[in-house]
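In what follows, a structure is listed as structure tokens, so that the remarks can point back to it.
The values are calculated or read from the model by the stated rules, or taken from the named source; none is laboratory data. Everything numeric here is computed off the predicted structure, so don't read it as measured data. Cβ coordinates were reconstructed from backbone atoms using ideal geometry, including for glycine residues, and neighbour counts include every protein chain displayed.
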């Protein structure tokens, strides 16, 4: 009997704690605006840049509204002034249902695909279609859930789930993924759940009324529901969001849906796209579908060349176009693919269509704040003096360099068994790693001893 | 009448046929993009398999939905590819027609006959199997009658139970019998015309 009890209980989750890696912008959780779109000085990982954040907030409202298509925004500013951070902030505040596609300007240059094809795919990835589809779901009350682990501790787990309705009862075999998600959701006997058969998504509807007296201690949010009636498997209409690109891929191949996972999609014929557009507008007129214009973010937009810019000009005029956000750190420079100079390396006719948001360098106080946020994000403790020193470094070299020093200094500190990063640790890593200006200083001094120094080119051409 | 409209649809569909391992296999492609495939026994002319496939709303190719006959994947499919699957001890529902009646067999039902009750629900156009011990419940429609828009008749329905299998029979109405007879004659003719298709005989 005791053994029986042990197997029916779902064991605590222990093997699926996901470790998220810390990226350059992982501390950003939104734009940090209040309801009146006024920026708070420090909020949601954002510091300073009040004017540009406010501007981004206005754009965000426009995107959320969803009526205006084909607007473009350019975020321009010096390196390390939070351009990408603002774009990430917009992405975070849009929520999961609005498509946000991010790419770097150089990503579109590929040998397998033409530049304009890559751009149109990116454009269509940023347009979502909310549509009803019929799926098969299993809905029932959990009678018993049994998960057996192999005695050796490794190998596949075996699971069984018994579900019932008021009329019937069925035993299901569980795959490994399903076992994991059942234990993650902490599903136990007496819960009423639905399982999407195609995706395996589990949702708990509540606890069955018949189990109402089982336990006295019950969370306030526990909801009691009736045991479902009729058959366990039902067909139900669910609403979900797919991007236009996904519909393109499904329709451009005979094997259909599988192509989404194989990665290699290749070029999609323009006839297919036209067909899809016609179909989508038909659905929209019939009220079957709703179009959600999302956001396409192109970082390092000066890497695009003249052809891409003229494509963008044209693509922005379509009514199936997302809001385009671009970012660049260039001043007046050559437009790629031409010999003309232009602000931000973008042709004037495209610039004319843009709303431009400027970011400005951070002040000392703001730099200090950002470093503090990053220290929390990277789990490094900084003493007060070390913080001041790091802020100075950030101001005199660059913010990115100062941020790089946080985790390295943290490591040095840990190696000497310290708990808090001191000024010595900062000094140590400052001497170990050169910043950009010290590195170029070094170059100038020792230029003669490097290889290939005869060719005295004036400057590297990166545009 | 509706029988005619279904017969018309069948006639206008694009049909491909081949004979393979003692079975006559016919593939129908309808104007709305739906596909139907049937397999007949060559000797007895019994319908062995009928399955349907249609495209999803987004245009993806769907899976074959078995209407008559046994699904091939049920037996040996591994659990890895699927997230959740019915246990092999669970009842298996399948349709297997005879010449004069539609017949459904549900295996793995180890309960006495008194437990079961089968009824016709004319308003919902379906039949319902119920069990008094609340172990099995199934609602199913007779798609042949739905297609021809013929009424459901509870006197045509009967069921027996033997060796863990529940067998439900529904006597085919006259209209269906004549339609099936016509169709079979048509299909036999079709075989003669498409015999020249080289790519069909490769397997």
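Under the condition of being in contact (Cβ under 8 Å) with a residue 60 or more places away in the chain, under 30 Å from residue B:8 (Cα atoms) and within 14 Å of another protein chain (Cβ to nearest Cβ), the residues counted in the range B:103-131 number 0.
The set of residues in the range A:52-111 that are without any contact (Cβ under 8 Å) to a residue 12 or more places away in the chain and part of a helix (DSSP H, G or I) comprises A:65, A:107. Exactly one residue among B:138, B:134 is within 14 Å of chain A (Cβ to nearest Cβ), out of contact with any helix residue (DSSP H, G or I) (no Cβ under 7 Å at 6 or more places or on another chain), within 20 Å of residue A:162 (Cα to Cα) and not in a loop (DSSP other than H, G, I, E, B), and that residue is B:138. Listed conditions (1) touching a helix residue (DSSP H, G or I) at 6+ places or on another chain (Cβ under 6 Å); (2) modelled with pLDDT of 90 or more; (3) surrounded by 14 or more Cβ atoms within 10 Å (Cβ to Cβ) are all met by residue A:387, apart from (1). Could you tell me whether any residue of the range B:85-95 is out of contact with any strand residue (DSSP E or B) (no Cβ under 7 Å at 6 or more places or on another chain), under 26 Å from residue B:49 (Cα atoms), within 14 Å of another protein chain (Cβ to nearest Cβ) and not in a strand (DSSP E or B)? Checked the range B:85-95: at least one residue is out of contact with any strand residue (DSSP E or B) (no Cβ under 7 Å at 6 or more places or on another chain), under 26 Å from residue B:49 (Cα atoms), within 14 Å of another protein chain (Cβ to nearest Cβ) and not in a strand (DSSP E or B). Taking the numbered list (1) touching a residue at least 40 places away in the same chain (Cβ under 8 Å); (2) on the phi > 0 side of the Ramachandran plot in turn, residue B:134 passes all entries but (1).
Residues that are touching a strand residue (DSSP E or B) at 6+ places or on another chain (Cβ under 6 Å) and assigned to a helix (DSSP H, G or I) within the range A:349-392 comprise A:366, A:369, A:370, A:375, A:386, listed in sequence order. When you scan the range A:153-168, do you find a residue that is more than 8 Å from chain B (Cβ to nearest Cβ), more than 36 Å from the chain's Cα centre (by Cα), surrounded by fewer than 21 Cβ atoms within 10 Å (Cβ to Cβ) and not in a loop (DSSP other than H, G, I, E, B), even just one? Yes, the range A:153-168 has at least one match.
Can we say residue A:341 is within 14 Å of another protein chain (Cβ to nearest Cβ) and either under 30 Å from residue B:59 (Cα atoms) or modelled with pLDDT of 90 or more (or both)? For residue A:341, the condition - within 14 Å of another protein chain (Cβ to nearest Cβ) and either under 30 Å from residue B:59 (Cα atoms) or modelled with pLDDT of 90 or more (or both) - is not met. With respect to (1) part of a helix (DSSP H, G or I); (2) modelled with pLDDT of 90 or more, the lone exception for residue B:169 is condition (1).
Among the candidates A:432, A:395, which residue alone is within 30 Å of residue A:43 (Cβ to Cβ) and either surrounded by fewer than 17 Cβ atoms within 10 Å (Cβ to Cβ) or in contact with a helix residue (DSSP H, G or I) (Cβ under 9 Å, 6 or more places away or on another chain) (or both)? Among A:432, A:395, only A:395 is within 30 Å of residue A:43 (Cβ to Cβ) and either surrounded by fewer than 17 Cβ atoms within 10 Å (Cβ to Cβ) or in contact with a helix residue (DSSP H, G or I) (Cβ under 9 Å, 6 or more places away or on another chain) (or both). Looking only at the range A:127-135, decide whether some residue is at pLDDT below 90, surrounded by fewer than 16 Cβ atoms within 10 Å (Cβ to Cβ) and at the interface with chain B (Cβ under 7 Å from one of its Cβ atoms). Checked against the condition, which is being at pLDDT below 90, surrounded by fewer than 16 Cβ atoms within 10 Å (Cβ to Cβ) and at the interface with chain B (Cβ under 7 Å from one of its Cβ atoms), the range A:127-135 yields at least one hit.
Pick from B:8, B:39: which is farther than 30 Å from residue A:241 by Cα and buried (at least 18 other Cβ atoms within 10 Å of the Cβ)?
The unique qualifying residue is B:39.
So for the range A:286-293 (the condition being within 11 Å of chain B (Cβ to nearest Cβ) and at pLDDT 80 or above), does at least one residue qualify? Checking the range A:286-293: at least one residue is within 11 Å of chain B (Cβ to nearest Cβ) and at pLDDT 80 or above. For the range A:185-195, a residue qualifies if it is assigned to a strand (DSSP E or B), under 27 Å from the mean Cα position of the chain (by Cα) and more than 9 Å from chain B (Cβ to nearest Cβ), but none of them does. With respect to the conditions (1) surrounded by 18 or more Cβ atoms within 10 Å (Cβ to Cβ); (2) touching a helix residue (DSSP H, G or I) at 6+ places or on another chain (Cβ under 9 Å); (3) within 11 Å of chain B (Cβ to nearest Cβ); (4) modelled with pLDDT under 90, residue A:231 lacks only one, and its number is (2).
Restricting the range B:2-31 to residues that are touching a residue at least 12 places away in the same chain (Cβ under 8 Å) and part of a loop (DSSP other than H, G, I, E, B), the residue that is nearest to residue B:96 (Cα to Cα) is B:22. For the range A:266-325, a residue qualifies if it is more than 16 Å from residue A:116 (Cβ to Cβ), in a loop (DSSP other than H, G, I, E, B) and without any contact (Cβ under 8 Å) to a residue 60 or more places away in the chain, and exactly one does: A:287.
Here is a yes/no grid of residues against (1) touching a strand residue (DSSP E or B) at 6+ places or on another chain (Cβ under 7 Å); (2) closer than 30 Å to residue A:378 by Cα; (3) at pLDDT 85 or above:
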position: A:47; (1), (2), (3): no, yes, yes
position: A:58; (1), (2), (3): no, no, yes
position: A:61; (1), (2), (3): no, no, yes
position: A:69; (1), (2), (3): yes, no, no
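Just so you know, in the range A:169-184 the residues that are more than 10 Å from chain B (Cβ to nearest Cβ) and crowded, with 16+ Cβ neighbours inside 10 Å include one that is nearest to the chain's Cα centre (by Cα), and it is A:180. Here residue A:419 clears all of (1) surrounded by fewer than 14 Cβ atoms within 10 Å (Cβ to Cβ); (2) in a helix (DSSP H, G or I) except the condition numbered (2).
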